[in-house]
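Notes to accompany the following structure.
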Amino acid sequence: MSARLVLMGPPGSGKGTQSAGLAAALGVPAISTGAIFRDNLARKTELGIEAERYMSVGDLVPDELTDRLVEARLAEPDAAPGFILDGYPRNMEQVKALDTMLAKTGKSVDGAILLSIPDDQIVARLLHRAQIEGREDDTEPVIRERIGVYHSKTEPIVGEFERRGSLHRVDGMGSVEDVAVRLRAAADAAIA
Ligand code: AMP
């Protein structure tokens, strides 16, 4: 059985925290485009330096760069049985790019899971994370920009997965453990 899942949600919804546990439970890698960009930036690669221009202001890194990175990552052997994509796709163009890259090997996305939290929780959670992790894009003006980008560019793809009948909604409020249980149930339903 394959598990090719997209994990969506606003910044601060807990995608990063939850995707690792879910991926381990399903025996597939969690692939976070944001984490890959941050790792490249830490190593000062060309990709990281290019991505930083966008990340530092809360904008999306250009699709061409992001799609290429995801295609290369999905071609690695550990992603053969599936993957949890955390933070990709983030706009309609990336949804199409993902469909196209999977179709090359006769595959498709099994389902998308939307982790939701109320808007007023987003800023509070991210400012809290800023104190713990010190992420450079967790400052208030950049957080506001990222929320705006989420609403204008990423939210429309929720509708797309809904139209496909492959959207599963999970309440992201509560303890990490409680959310993990709900998420696992949604993932099981998505890949059933
Ligand atoms: P995240 O860790 O998912 O919050 O992503 C942090 C930042 O990385 C975002 O604000 C974007 O600048 C960039 N990023 C991550 N994923 C993508 C993506 N799929 N498309 C474009 N930019 C992305």
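The values are calculated or read from the model by the stated rules, or taken from the named source; none is laboratory data. Please read all numbers here as calculations on a predicted model, not as lab measurements. Here Cβ is always computed from backbone atoms with ideal geometry, including for glycine, and neighbour counts include all displayed protein chains.
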Filter the range 20-41 for residues that are more than 10 Å from the ligand (Cβ to nearest atom), assigned to a helix (DSSP H, G or I), in contact (Cβ under 8 Å) with a residue 12 or more places away in the chain and touching a strand residue (DSSP E or B) at 6+ places or on another chain (Cβ under 9 Å) and give the result.
G21, L22, A23, L26
Scan the range 10-19 and tell me whether some residue there is within 30 Å of A192 (Cβ to Cβ), in a helix (DSSP H, G or I), at pLDDT below 95 and more than 8 Å from the ligand (Cβ to nearest atom).
yes
Name every residue in the range 133-154 that is closer than 17 Å to D86 by Cβ and assigned to a helix (DSSP H, G or I), in order of residue number.
E133, R146, V149, Y150, K153, T154
Return the pair list, or none, for Cβ contacts closer than 7 Å from residues in the range 170-182 that are in a loop (DSSP other than H, G, I, E, B) to residues that are surrounded by 13 or more Cβ atoms within 10 Å (Cβ to Cβ), at least 6 apart or on different chains.
G172/G9; G172/S13; G172/G14; G172/L115; G172/S116; G172/I117; G172/V179; M173/I117
Filter result for V61 (under 14 Å from the mean Cα position of the chain (by Cα), more than 8 Å from the ligand (Cβ to nearest atom) and either of a type in the set (K, R) or more than 15 Å from V28 (Cβ to Cβ) (or both))
no
If you check V158 against the conditions, is it surrounded by 12 or more Cβ atoms within 10 Å (Cβ to Cβ) and either under 15 Å from S19 (Cα atoms) or not hydroxyl-bearing (S, T, Y) (or both)?
yes
